Structures are given as C-alpha cells and as structure tokens.
1. Just to be sure, is Gly72 touching a Lys or Arg at 6+ places or on another chain (Cβ under 9 Å), modelled with pLDDT under 95, outside any strand (DSSP E or B) and among the small types (Gly, Ala, Ser)?
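The values are calculated or read from the model by the stated rules, or taken from the named source; none is laboratory data. Keep in mind that this is a model prediction, so the values were computed, not measured. Here the Cβ positions follow ideal geometry from the backbone for every residue, glycine too, while neighbour counts run over all protein chains shown.
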Amino acid sequence: MMVASDVPAVGDEVVCADDEPLGVVEADEGTHLRVRRPREYPPLVWIPKRIIADRHDGVVRLIVNRDELHDGVIALPPARQREYGTLEALSLAIRRHRAAQRPGSAGVTAAALAAS
C-alpha cells in the first residue's frame, strides 16, 4: 500500500534505474504518469506506474534502465500502449525486479526468468 509520500507528484523528477534522467512528472493519468522531456523528442511520454521502484524526496525512480524504454512506445498515450499487450523488455524488467525482491533470491538468470 502506497502512503501519501510514496505517490508521485506533479513536478517530481523521473530517473531510470541506471540514473539516467527521463523528465519531470506533468500529470498523473491513473495507470500512467505523463512525463515532460523538454530537451528530448518526443517531449511528452507516458510511463506505466507498474515500473516505478520508489519515490523519495521528489524523485521517482524506475525499475528499468533508460535503454529499456522504447521512445516509440512510451510516446503513445496509455490506451495505445495497451494495444501492444505485453512489451517484452518491460515485462522482463518487471519480472527481474520482482524476483530480486523475493526472500532468498541470490540472483536470477535470464533463463530462469524466461522459464517463469
């Protein structure tokens, strides 16, 4: 359960797992955050909330590296993103993150994730 301090807010910085900045939260759109990237193209992207690792001190950290986010997909509004179903890179990253959170997991190989 998220407490108020964990909920992303307008103006929060969004940073990928590899510390690459992505942009600034412009709006909360239910299942996604609309993120403005003024120096990049496309300037607006939508990030699924399911890939948020945490939020602390105005920084939203994602569970995926920047190169795992495909600009062509995150540039689509949420309804259009859902048309793609399971996006393999995001799906793999989410499974990797969840597996790492399990007690007793020393490390998870790509083969083990693919089998799950």
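1. Details: touching a Lys or Arg at 6+ places or on another chain (Cβ under 9 Å): no; modelled with pLDDT under 95: yes; outside any strand (DSSP E or B): yes; among the small types (Gly, Ala, Ser): yes.
Judged against the criteria, Gly72 is not a match.
Table: residues versus (1) part of a strand (DSSP E or B); (2) in contact (Cβ under 8 Å) with a residue 40 or more places away in the chain; (3) on the phi > 0 side of the Ramachandran plot; (4) in contact with a strand residue (DSSP E or B) (Cβ under 7 Å, 6 or more places away or on another chain).
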residue: Val14; (1), (2), (3), (4): yes, yes, no, yes
residue: Ala17; (1), (2), (3), (4): no, yes, no, yes
residue: Gly23; (1), (2), (3), (4): yes, no, yes, yes
residue: Glu26; (1), (2), (3), (4): yes, no, no, yes
residue: Glu40; (1), (2), (3), (4): no, no, no, no
residue: Arg50; (1), (2), (3), (4): no, yes, no, no
residue: Arg61; (1), (2), (3), (4): yes, yes, no, yes
residue: Val64; (1), (2), (3), (4): no, yes, no, no
